[in-house]
């Protein structure tokens, strides 16, 4: 059992040891607005935060095949683990398979995730047009939109996902 004095000594030693490491990584250094611009990418269900641009599933197939299929397979059924984007059933007796088409409540979530985190080996490397196109293609693979449906910020905010009613809005409880 450590005493208060021993714990204080451990904290002091760890702080002294960690300080050069933290300084070398610029941790604790204030950032300015220009450094934050690349992180200000939130796009909500109401359409606020979406960039200009648009795309269709036809256009998105090219993006998906070249930048997404390595992990998600050409069909969107995934290649391993948690990479499946299509199929699934929230009403199954076993553990439900949560995919874009069976689980996600808002199309904006898909757009937002692709924009900030995909492709996994190069996050935030897709142009806004490519994000709209890839989003459209994934929605098409899930039979949510047609191949020629134009997806943009207005269309995404109006699109009703298959599991939109599977969630309880608790925002009014705060």
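The values are calculated or read from the model by the stated rules, or taken from the named source; none is laboratory data. As the structure is a computational prediction, the values presented were derived from the model and not from experiment. We place every Cβ from the backbone using ideal geometry, glycine too, and count neighbours over all the protein chains shown.
Which one is surrounded by the most Cβ atoms within 10 Å (Cβ to Cβ), of the residues in the range 102-118 that are in contact with a helix residue (DSSP H, G or I) (Cβ under 8 Å, 6 or more places away or on another chain) and over 17 Å from residue 50 (Cα atoms)? So the residue we want is 104. The residue pairs whose first member lies in the range 142-171 and is free of Cβ contacts under 8 Å to residues at least 12 places away in the same chain and on the phi > 0 side of the Ramachandran plot, whose second member is in a loop (DSSP other than H, G, I, E, B) and surrounded by fewer than 18 Cβ atoms within 10 Å (Cβ to Cβ), and whose beta carbons are closer than 6 Å, counting only pairs six or more residues apart or on different chains, do not exist in this structure. Consider the range 85-101 and keep the residues that are surrounded by 20 or more Cβ atoms within 10 Å (Cβ to Cβ) and in contact with a helix residue (DSSP H, G or I) (Cβ under 9 Å, 6 or more places away or on another chain). The one that is farthest from residue 44 (Cα to Cα) is 86. When the range 119-138 is examined, which residues are found to be crowded, with 22+ Cβ neighbours inside 10 Å and touching a strand residue (DSSP E or B) at 6+ places or on another chain (Cβ under 9 Å)? Residues satisfying the conditions are 130, 131, 132, 133, 134, 135, 136, 137.
With respect to (1) under 21 Å from residue 47 (Cα atoms); (2) assigned to a helix (DSSP H, G or I), the lone exception for residue 146 is condition (2). Filtered by the rule that a residue be within 16 Å of residue 103 (Cα to Cα) and assigned to a loop (DSSP other than H, G, I, E, B), the range 152-167 gives 159, 160, 161, 162, 163, 167.
For the range 63-73: of the residues being without any contact (Cβ under 8 Å) to a residue 24 or more places away in the chain and closer than 16 Å to residue 100 by Cβ, which is surrounded by the most Cβ atoms within 10 Å (Cβ to Cβ)? Going through the qualifying residues, I end up with 72. Looking across the range 28-62, the residues that are loosely packed, with under 10 Cβ neighbours inside 10 Å, in a loop (DSSP other than H, G, I, E, B) and modelled with pLDDT of 60 or more come down to 28, 29, 30, 31, 32, 52.
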